[in-house]
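Report on the following structure.
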Amino acid sequence: SAVISQKPSRDICQRGTSLTIQCQVDSQVTMMFWYRQQPGQSLTLIATANQGSEATYESGFVIDKFPISRPNLTFSTLTVSNLSPEDSSIYLCSAKVRLGDRGRDEQYFGPGTRLTVT
Amino acid sequence: KQEVTQIPAALSVPEGENLVLNCSFTDSAIYNLQWFRQDPGKGLTSLLLIQSSQREQTSGRLNASLDKSSGRSTLYIAASQPGDSATYLCAVRSTGTASKLTFGTGTRLQVTL
């Protein structure tokens, strides 16, 4: 399996500020993703983080609001900008990892970052 | 567009009972299907992954089945324990968008003593 770490685990931020979340994977990564989980809801894909190039955003998500970096294969950051109370959610990093003994990719998730905007 | 639905939304069972969670998806052109567990306020733990060519996967007390043609998967939990209490999420990776998982709405399970 793979271990994905995220930091911070939680934060309380003021309206108008920004929060940057870091994600580190300990295994051979094929792809990295960022998801949002709003209270009581399932997961929604924000974007696919591409190494060395701009992320691929899903409908409804834009780079100005959610800038993403991925400087190397196993590390990525998500920034949530110009925070409003509607951004209060859990943000999860995810990675597809190539499992050599099984010859296939499996997707793993980090523990999430719980963001509260006041 | 793939849509994934899970029934029931919530379930409460006494300890020791066997139970089945259901997942249905609208587009049968899938690459694989994955079951996850999420504890309150936590991330996701992968439980089982079924490739489109497979019918079922087993891990301990868990058994997941896949009927691709009918767009259904079930997660069977044998001899449930209080530690099984969590939200269970089904996610489908469609062939058209092989890199993206589409998540279901989840089933919140409570196993009581």
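Coordinate-derived values only; no laboratory data. The structure displayed is predicted, hence computed values, not measured ones. Please note: Cβ atoms are built from the backbone with ideal geometry, for glycine as well, and neighbour counts cover all protein chains shown.
Brief remarks follow.
- Considering only B:G43, B:G60, B:G83, the mean-square fluctuation computed in a Gaussian network model of chain B, springs between alpha carbons under 10 angstrom, is largest for B:G60.
- Rounded if a/c under 1.5, otherwise prolate or oblate - the protein assembly as shown, Cα gyration tensor axes: prolate
- Pairs over the 19 Å Cα-Cα cut-off, from the set A:K7/B:K42; A:K96/B:K100; A:K96/B:K1; B:K1/B:K68: A:K96/B:K1.
- Residues A:T77, B:T58 in ascending order of nearby Cβ atoms (within 10 Å, fewest first): B:T58, A:T77.
- Relative contact order of segment B:64-113, taken over Cα pairs closer than 8 Å and 6 or more residues apart, is 34 percent.
- Here segment B:1-95 is treated with +1 on each Lys and Arg Cβ and -1 on each Asp and Glu Cβ, and its dipole about the Cα centre works out to around 280 debye.
- Sites listed here are chymotrypsin sites (Phe, Trp or Tyr not before Pro) in segment B:23-113 whose DSSP assignment is loop and whose Cβ has at most 12 other Cβ atoms within 10 Å, and the list is empty.
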